[in-house]
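Visitor: Pasting a structure below so you can have a look.
The values are calculated or read from the model by the stated rules, or taken from the named source; none is laboratory data. Source: prediction; values computed, not measured. Glycine also receives a Cβ, built like all others from the backbone with ideal geometry; neighbour counts cover every protein chain displayed.
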Amino acid sequence: MSEIGAESREPRAEIVYVTVEAIAWVTQFVGGDGTRRKVFEEPTAPGATVQSVLLQVSDRFPRLRDVLWQRPGGNLGEHIEVLVNDAVLGVKHTLESQVRQGDRITLLGQFTGG
């Protein structure tokens, strides 16, 4: 006898949450006031990369996209430093590095002056 209403379900992919943190003047591009820090959890698919998370955040915050990415070419701009788990991008991680549950991507604006 078969169960009525029983359906075949595909396994659901788990959502991976990555912490994204904007510091100081960068907060003005993600809904902040340009001071302190703004931290939020970004839901991503398994296998997401640093670049895909940054693009996802940039899609939500177009002003961030304008300062984070160079035009043309889509490379990162030079005025915002990207850190992954407190390591500057390019040291332990690249844009192609996969992110894992609990990873933190920090956007830190560069300061100049004297």
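Visitor: Kindly indicate whether any position in region 72-88 is surrounded by 16 or more Cβ atoms within 10 Å (Cβ to Cβ), aliphatic (A, V, I, L, M) and over 14 Å from VAL26 (Cβ atoms).
Guide: Within region 72-88, one or more residues are surrounded by 16 or more Cβ atoms within 10 Å (Cβ to Cβ), aliphatic (A, V, I, L, M) and over 14 Å from VAL26 (Cβ atoms).
Visitor: What number of residues within region 89-103 satisfy the criterion of being under 13 Å from LEU76 (Cβ atoms) and surrounded by 14 or more Cβ atoms within 10 Å (Cβ to Cβ)?
Guide: The total comes to 3.
Visitor: So ALA24 ticks every box in (1) closer than 14 Å to THR106 by Cα; (2) without any contact (Cβ under 8 Å) to a residue 60 or more places away in the chain but one. Which box is left unticked?
Guide: (2)
Visitor: Sticking with this structure for a sec: What residue, of THR106, THR49, THR44, THR27, is in contact with a Lys or Arg (Cβ under 7 Å, 6 or more places away or on another chain), surrounded by 16 or more Cβ atoms within 10 Å (Cβ to Cβ) and at pLDDT 95 or above?
Guide: Just one listed residue meets the conditions, THR27.
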